[in-house]
Amino acid sequence: MSAEKDKGAALNERVWKLFERAGFETKPSSNDPFEESVELSPRQTRTVDLSAVDKKLGVKIIGWNKARRELKESLTVHIHDYKELQKKATANSVLFVSTGKEVSPTHKRYAEEQGMRVWGEEELRYYEAVVDAIGIYAKYEMIHSFGIETQEEKSIHPVFALRFHQPHSNSETNLFLFTIPPEKLLRTCVIFRRAQGSGDTYQRMVRKDRLQRFKKFITQPNEILPPNIIVNFTERANWRPLKISPTYENGQPIVLARAKDCELGVLSIPMKYASLELIDGQHRLYGFVGTEPATKENFNLVVLGLECLPFDKRRGTFVAINDNSRRVDPNLVAFLKYTDVETECQKDPELMAIKIVVELNKSDPFKKRIRLLDIGKQRVTLKGFSGYDLKSVIGPRGLLRKFYPENQSTKYISALRMYFGVLKSLFEEEWKAPEKYIIFRNKGISAFLKLLKSILKTCKATKTTFCRAVVNKYLGALKDNWKGGWDMDSLKKSYVGSQGWKDFHRDLIRAIRKKYRKFKE
């Protein structure tokens with residue numbers, strides 16, 4: 001019980017510190033250790049784990065935090081209980097944080113229907129990372145995520161803008177070129193969401209070191225910042241063309257080479273939080289976070305706005321800009337390609353491989369052990385796992401495809417879960433310590449996917465069914481006959497460079513052949 005209390009106290013502190021760093025006044029806080037008391041009646045009061053207030057914006061959020069693996073009552077009971085507490089505390093919303101027990105999607109949806117939110121460990125870590133990167137400006141994204149609308153969000157910011165189209169003047173997509181102070185964008189922008197409003201919503205993370213470099217650059221006297229900020233308006237932009245006289249001041253007619261290419265008008269930008277998705281230029285914008293208020297309010301930032309692009313086009317634009325760029329974590333680029341549409345995956349081995357890895361991450365043996373995004377410390381990554389070796393076994397000529405010609409992701413996922421489950425059961429110690437051992441790191445996954453090909457080849461040659469018993473047979477032989485150890489540092493010295501890891505795979509095969517001579521390479 002003492003350990004649970006310690007975990008609960010630590011979680012409470014994590015949550016209020018997160019909101020405090022985002023610019024809310026909190027109880028408890030760094031200056032006051034006491035929780036807020038809510039008066040239910042003259043004789044009855046209740047304390048809440050979190051009270052986060054922004055008086056200027058008129059926002060108040062109360063919270064409930066639990067680090068226990070099991071809850072005494074259903075979350076529904078707590079939702080009903082906190083509905084009354086929310087009224088008495090005059091709060092806009094309620095946050096439930098459960099890091100010990102995973103809350104079901106059904107309960108999360110029910111909480112959202114009541115105007116409340118549920119965070120697990122992943123959501124908590126995400127917002128901690130956002131606050132760590134952009135400080136108090138994370139507040140606006142957080143408020144938006146609760147479905148709270150403030151008074152200042154009803155204001156409109158009108159600007160001159162050039163409207164044009166691509167790839168040609170008769171295209172349907174509107175593009176707007178305009179300028180705006182950073183302070184306005186910092187409140188209204190969120191970094192490109194993978195799927196806004198859905199369960200797998202995600203935004204890429206900014207890097208603090210790059211923000212510092214941009215801050216130093218933009219605070220130099222008379223510095224300019226060329227246009228490289230691209231946003232998507234999530235709602236139809238209110239744009240009105242201006243009628244201008246096509247003549248110079250002296251009355252001479254203006255003759256343009258391509259008169260229909262662009263036109264001048266007034267663009268009315270709503271100041272609604274998270275209404276603009278930042279597709280590119282995140283570090284240029286968030287570099288202003290630590291600058292003086294006058295810089296944020298007066299710098300004339302150049303922006304290209306895209307109007308209501310469907311998700312596939314936004315994703316394609318982001319990937320086209322960033323796929324070969326070292327600025328963006330390759331894991332994120334891979335995740336943005338993810339689709340659960342089976343027919344699309346069946347046409348493209350890359351999409352199928354990404355879907356398989358995302359699904360593997362949802363349950364054992366890989367449950368939450370794969371880093372899908374650009375935050376987290378997992379040793380196995382989406383990019384690494386879904387790369388060449390996995391694509392080659394499920395591609396049109398892949399050996400796993402030959403065993404499962406239906407080309408269904410569920411079949412591949414089941415087979416891989418079984419294969420790596422056997423691997424985990426045989427190498428439990430190595431599984432538990434990926435920081436030390438190779439087996440459950442990217443290089444290990446790659447090596448064992450190559451070994452999977454060899455097992456499949458052997459099954460085909462011997463007309464054997466690919467099943468748990470067969471996998472256990474060959475991996476058991478590997479465990480019994482491998483003499484080199486699995487320590488990553490030692491293996492790095494033995495297998496140098498890309499060719500070295502090919503040799504590592506061959507040595508795995510040699511170890512199995514000590515017992516089964518006909519094992520295929």
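Just so it is clear, none of the values below were taken in a lab; they were calculated from the coordinates. What you see is a predicted model; the values in this text were computed from it and never measured. Glycine also receives a Cβ, built like all others from the backbone with ideal geometry; neighbour counts cover every protein chain displayed.
Cβ-to-Cβ counts within 10 Å put 404, 286 in ascending order as 404, 286, the fewest first.
Taking the Kirkwood radius as Rh and the Cα radius of gyration as Rg, the range 2-145 has a ratio of Rg/Rh equal to 0.94.
To the nearest 20 debye, what charge dipole does the chain have about its Cα centre, counting +1 at the Cβ of each Lys and Arg and -1 at the Cβ of each Asp and Glu?
Numbers: 92 positive and 64 negative charges, 633 e Å.
Around 3040 debye, computed over the chain.
Below 8 Å, C-alpha to C-alpha, sequence gap of six or more: please give me the relative contact order for the range 2-145 in percent.
Working: 214 pairs, mean separation 31.5, N = 144.
With pairs under 8 Å counted, the relative contact order is 22 percent.
Can you give the log10 of the normalised intensity I(q)/I(0) at q = 0.10, 0.12, 0.21 Å⁻¹, computed with Debye over equal Cα scatterers of the range 309-467? Reported log10 I(q)/I(0), two decimals: -0.37, -0.53, -1.45.
May I ask you to derive the relative contact order of the range 45-120, considering only C-alpha pairs under 8 Å and at least 6 residues apart, and to give it as an integer percent?
Details: 107 pairs, mean separation 23.1, N = 76.
It comes to 30 percent, rounded to a whole number.
Full-extension gain between residue 235 and residue 344, please, as 0.36 nm times their residue separation minus the C-alpha to C-alpha distance.
Details: separation 109, 0.36 × 109 = 39.24 nm, distance 2.77 nm.
Going from the current span to full extension adds 36.5 nm.
At a Förster distance of 35 Å, what's the computed FRET efficiency of residue 244 paired with residue 32, Cβ-Cβ distance as r, to 0.05? Efficiency for this residue pair is about 0.05. Diagonalising the gyration tensor over the Cα atoms of the chain and scaling each eigenvalue by 5 before taking the square root yields semi-axes of 47, 35, 21 Å, largest first.
Inter-label distance, residue 406 to residue 160: 6.3 nm, where each label sits 7 Å from its Cα along the C-beta direction.
Here residue 168 and residue 507 are evaluated by their C-beta separation; at R0 = 45 Å the FRET efficiency comes out at 0.20.
Go ahead and estimate [θ] at 222 nm for the chain from helices alone: -39,500 (n - 2.57) per DSSP H run with n ≥ 4, summed, over the residue count, rounded to 500.
Numbers: 22 runs with 229 residues, N = 521.
Calculated at 222 nm, the ellipticity per residue is -13000 deg cm²/dmol.
A crude spin-label estimate for the pair residue 436 and residue 302, with each label 7 Å from Cα along the Cβ direction, gives 5.6 nm.
Placing dummy labels 7 Å off each Cα toward the beta-carbon, the span from residue 25 to residue 429 is 5.7 nm.
From least to most packed, judged by other beta carbons within 10 angstrom and beginning with the fewest, 503, 54 follow the order 503, 54.
Can you tell which of 53, 138, 78 lies farthest toward the positive end of the dipole of the range 2-145, using +1 and -1 charges on the Cβ of basic and acidic side chains (Lys, Arg; Asp, Glu)? The listed residue farthest towards the positive side: 78.
Calculated FRET efficiency, residue 72 and residue 125, Cβ-Cβ r, R0 25 Å, to nearest 0.05? If you can, show how the numbers build up before the last one.
Working: r = 26 Å, r/R0 = 1.04.
E between residue 72 and residue 125, to the nearest 0.05, is 0.45.
So if each residue of separation counts as 0.36 nm, and I subtract the Cα-Cα distance between residue 515 and residue 482, what length gain in nm does that give? Mind dumping the intermediate values first?
Numbers: separation 33, 0.36 × 33 = 11.88 nm, distance 1.13 nm.
So the chain would gain 10.8 nm between residue 515 and residue 482.
Near the amide H of residue 59, within less than 5 Å, lie the amide hydrogens of 54, all on another chain or at least 5 residues away, with H placed in the peptide plane.
Sequence-distant contacts, meaning Cα pairs under 8 Å at least 6 residues apart, place the relative contact order of the range 132-194 at 29 percent.
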